[in-house]
Amino acid sequence: MTTGANTFWSSGAVPLIEPEFLSSILGAASDIALVVSSEGIILSVVLNTHSESFGNLKHWEGRPVVQFLTRETAPKFEAAHAAYLDGEVPTKPLELNHSDNAVWQYPVRYTFHRFGQENAALLLGRDLRPIAETQQQLVQAQIALEQGYEARREFDARFRILLANTDQAIAFVSVQSGRVDDANEAAASLLGLKLDSLKGSAFAQQFADRSTIELTESLVNATLAEEGGKVTLRAQRGGRALTVRPVIFRAGGQRILLCRIEEQSEKVKSSDAAATQALSLFRSGSDAMLFMTGKGVIVSVNESFLNIIGAAHLSDVVGRSFADFLGRGQIDLGVLTDQPQRSGQMRIYATKLINELGTRLSVEISASHLEETGEAVIGCVIRDVSHVEAGRQPMGGGSAQMPAEPARNVMELVGSASLKDIVAETTDVVEKMCIETAVELTSNNRVAAAEMLGLSRQSLYVKLRKYGLLSKNS
């Protein structure tokens, strides 16, 4: 720490310091102190005894300073050291980044001080790592804060878009103040206000004969209901009957009520009642009812249908084709599915129903195409007419209206065999009878009658004209 017999400090306001105490004072006054010769060689390294992060730097002594500086800061030291040798002591601190065999790096802020008569420089340094770590923490905190702001802005944007585009009237009401914190246009329109006027106003002011405390208590009590309570109110403007369904939650240390506002419509009530009554009719009605897809697959049936066919469970019927229970199978099913889908409904279709025991039962079926379900569904009402046919039979034995047994047998062949096979074994009278029966069964639907008889539509028209039936059934 000395050069020959020269004294580094002269007596004055600061007394002379003994050499053996100087290093400890320099170490305490700085984190690291370097004595650098005019050639840039490190003559001595003094470390603060309370700082162990530098490790042992004795191997620095006798070596150039630039060997322990990063490439970016070595030119800064050389420029400052050259100015020092020219007699210009740098007045501003110099920040240098040290590196030791690329194992670690740390920043140090140095101040230059003259040291002896041989242009040796004393560099007192402060370790900047705590400051750098603090700066890094601040940067990370700033980044996290910006990310939080961005997430909040994104959430707020989604919230605003959702409120603006939902058809349901929604208002957020503070439990503490009873005022509307936020709402959407649907709520403002339903209450007869502009949105800006609704926000911040007392929620109770929008309804007749309700104070703020009373309304808030009613809404909070409704949230305690097990199946979602509701409060019935009357709007101050317009006098419309409204239903408020509240949900309570806590945000920012305050309780908030999310209120869904709905208008009580008598039309809706009547439609709900009609739906309930229709469902009750389906379950308890005396007539058999059935719903099937456009391809004839049974979707649901009522108890009366199960009774008519003698089925024990719904699983015995649902999922099967309705053709399995029709006397003419796919022919009947084709008429019951095609006609309603073309014209919307079929009023009466006479056929026979086959139960699980093979018994044939005379029935009349009306079918309607239902479009409100989103799928092609056909609803059928099936009425047992076997007792009506029995009552229509003559009591005597000589009526000409009752067809002979052979003719009845021929009529039952319609649909199970083609017209050519039937005509081959019968006469023109039987052919006429078959055509009349087919036209009657299909309610004069000649397309369905032609399909039932296995004829083309043109051939059916020829035969209708042949037997004088064209004008009779038109």
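Only one of L94, L128, L122 is surrounded by 14 or more Cβ atoms within 10 Å (Cβ to Cβ) and touching a Lys or Arg at 6+ places or on another chain (Cβ under 6 Å). Can you tell me which? Even if it seems obvious, please write down each step before you answer.
On the way: L94 fails: touching a Lys or Arg at 6+ places or on another chain (Cβ under 6 Å); L122 fails: touching a Lys or Arg at 6+ places or on another chain (Cβ under 6 Å).
Unique residue meeting the criteria: L128.
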Quiz item: Does segment 279-326 hold any residues that are in a strand (DSSP E or B) and over 38 Å from the mean Cα position of the chain (by Cα), and which are they?
Solution: A288, L326
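Mind listing just one residue for me: the one in segment 205-227 that is part of a helix (DSSP H, G or I) and hydroxyl-bearing (S, T, Y) and, of those, farthest from R245 (Cα to Cα)? Show your work before the answer.
Narrowing segment 205-227 to residues part of a helix (DSSP H, G or I): 205-206, 212-222.
Next, only the ones that are hydroxyl-bearing (S, T, Y) stay: 212, 216, 218.
On the way: T212: 17, T216: 12, S218: 11 Å.
Top of the filtered list is T212.
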Exercise. Could you figure out which of (1) exposed (fewer than 14 other Cβ atoms within 10 Å of the Cβ); (2) over 46 Å from the mean Cα position of the chain (by Cα); (3) free of Cβ contacts under 8 Å to residues at least 60 places away in the same chain isn't true of Q137?
Key: (2)
Quiz item: Quick check: is even one residue across segment 229-237 more than 33 Å from the chain's Cα centre (by Cα), surrounded by fewer than 14 Cβ atoms within 10 Å (Cβ to Cβ) and either touching a residue at least 40 places away in the same chain (Cβ under 8 Å) or over 18 Å from R179 (Cα atoms) (or both)?
Solution: yes
Self-check item: For T337: the one exception among (1) touching a residue at least 24 places away in the same chain (Cβ under 8 Å); (2) part of a strand (DSSP E or B)
Solution: (2)
Self-check item: Count - residues of segment 179-196 that are outside any helix (DSSP H, G or I) and in contact with a Leu (Cβ under 6 Å, 6 or more places away or on another chain)
Solution: 3
Exercise. Give segment 337-357 a look and list any residue that's surrounded by fewer than 15 Cβ atoms within 10 Å (Cβ to Cβ) and under 17 Å from D384 (Cβ atoms), or say none.
Key: I348, N355, E356, L357
Quiz item: Just to be sure, is L455 assigned to a loop (DSSP other than H, G, I, E, B) and modelled with pLDDT of 80 or more?
Solution: yes
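May I ask you to say which residue of L193, L163 is aliphatic (A, V, I, L, M), crowded, with 16+ Cβ neighbours inside 10 Å and closer than 18 Å to L242 by Cβ? Before the answer, list the steps.
On the way: L163 fails: closer than 18 Å to L242 by Cβ.
Result of the check over L193, L163: L193.
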Exercise. State the number of residues belonging to segment 368-383 that are of a type outside the set (S, T, N, Q) and at pLDDT 80 or above.
Key: 9
Quiz item: Residues D156, D86, D100: which one is touching a helix residue (DSSP H, G or I) at 6+ places or on another chain (Cβ under 7 Å), on the phi < 0 side of the Ramachandran plot and not assigned by TED's automatic domain parsing to the domain that holds S218?
Solution: D100
Practice problem: Please give the number of the condition D332 fails out of (1) closer than 16 Å to A449 by Cα; (2) assigned to a strand (DSSP E or B). | Solution: (2)
Quiz item: Which residues, counting only those in segment 167-190, are under 16 Å from I261 (Cα atoms) and loosely packed, with under 14 Cβ neighbours inside 10 Å?
Solution: D167, Q168, S189
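Looking at R109, R63, R71, which is the one that is among the charged types (D, E, K, R) and closer than 15 Å to S44 by Cα? Talk me through it step by step, then tell me what you get.
On the way: R109 fails: closer than 15 Å to S44 by Cα; R71 fails: closer than 15 Å to S44 by Cα.
Result: R63 is the single residue among R109, R63, R71 that is among the charged types (D, E, K, R) and closer than 15 Å to S44 by Cα.
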Practice problem: Among the numbered conditions (1) closer than 28 Å to L455 by Cβ; (2) in the same structural domain as I298 (by TED's automatic domain parsing); (3) at pLDDT below 85, tell me where A323 comes up short. | Solution: (3)
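In this structure, does V301 turn out to be surrounded by 14 or more Cβ atoms within 10 Å (Cβ to Cβ), of a type in the set (A, V, I, L, M) and at pLDDT below 90? Walk me through how you get there before you give the answer.
Working: surrounded by 14 or more Cβ atoms within 10 Å (Cβ to Cβ): yes; of a type in the set (A, V, I, L, M): yes; at pLDDT below 90: no.
Here the answer is no, as V301 does not meet what is asked.
The values are calculated or read from the model by the stated rules, or taken from the named source; none is laboratory data. These figures come from a predicted structure and were not determined experimentally. For neighbour counting, all protein chains shown are included, and Cβ atoms are generated from backbone atoms with ideal geometry for every residue, glycine included.
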